[in-house]
Amino acid sequence: MAKIVGGCSCGKVRYSAEADPIFSGICHCKSCQKTTGTSFSVVIAIPAPALTVTGDVKVYDSTGDSGQATHSTFCPNCGSPVIGTADIMQGVVMIRAGTLDDSSWLAPAMEIYCEAKMPWVSLGGDLKSFPKMPEPG
């Protein structure tokens, strides 16, 4: 089981978990582009009950392409997006990989929402690519 530890830029929000990732991936959707202020977001999905968050956070709610709510949790002091959840994936939390204290072990396995990928982005490796979110299973 992996020990996952990290936090926001200013250190006022911290998290920890002992869980094996459900999946890890790169998301090119417009929402992730806006949330991160860059071309994509790298996330690690883990079971929500495994995650402990300390510090005050704010949550920005929006609607995903499924029509269901998505939630971006961030530090109200420095603005760092730390975790995200989607109502369509109950019991799963997605940690923003840039907030990990140690990301040396991370190897994303897929790219999603490639239909929204910025045209100049070209990632190497053998990543599975999907135009939108793949069906579970």
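A few remarks follow.
- Residue match in the range 54-61 (condition: surrounded by fewer than 18 Cβ atoms within 10 Å (Cβ to Cβ), assigned to a strand (DSSP E or B) and aliphatic (A, V, I, L, M)): yes
- Members of the range 15-63 found to be among the basic types (Lys, Arg) and either in contact with a strand residue (DSSP E or B) (Cβ under 6 Å, 6 or more places away or on another chain) or within 16 Å of Thr73 (Cβ to Cβ) (or both), listed by number: Lys34, Lys58
- When Thr38 is tested against the conditions (1) in contact (Cβ under 8 Å) with a residue 40 or more places away in the chain; (2) surrounded by fewer than 19 Cβ atoms within 10 Å (Cβ to Cβ); (3) polar (S, T, N, Q), the lone failure is (1).
- Pairs where the first residue, in the range 102-113, is without any contact (Cβ under 8 Å) to a residue 60 or more places away in the chain and over 20 Å from Lys30 (Cα atoms) and the second is outside any loop (DSSP other than H, G, I, E, B) and among the small types (Gly, Ala, Ser), C-beta under 7 Å, 6+ apart: Ser103/Ala97
- The set of residues in the range 119-135 that are of a type in the set (Asp, Glu) and either surrounded by 13 or more Cβ atoms within 10 Å (Cβ to Cβ) or not in a loop (DSSP other than H, G, I, E, B) (or both) is empty.
The numbers here are math on the coordinates, done by the rules we state, and not lab data. Quantities reported herein were computed from a predicted structural model and do not represent experimental measurements. Don't worry about glycine lacking a Cβ; one is built from the backbone with ideal geometry, like all the others, and counts go over all protein chains shown.
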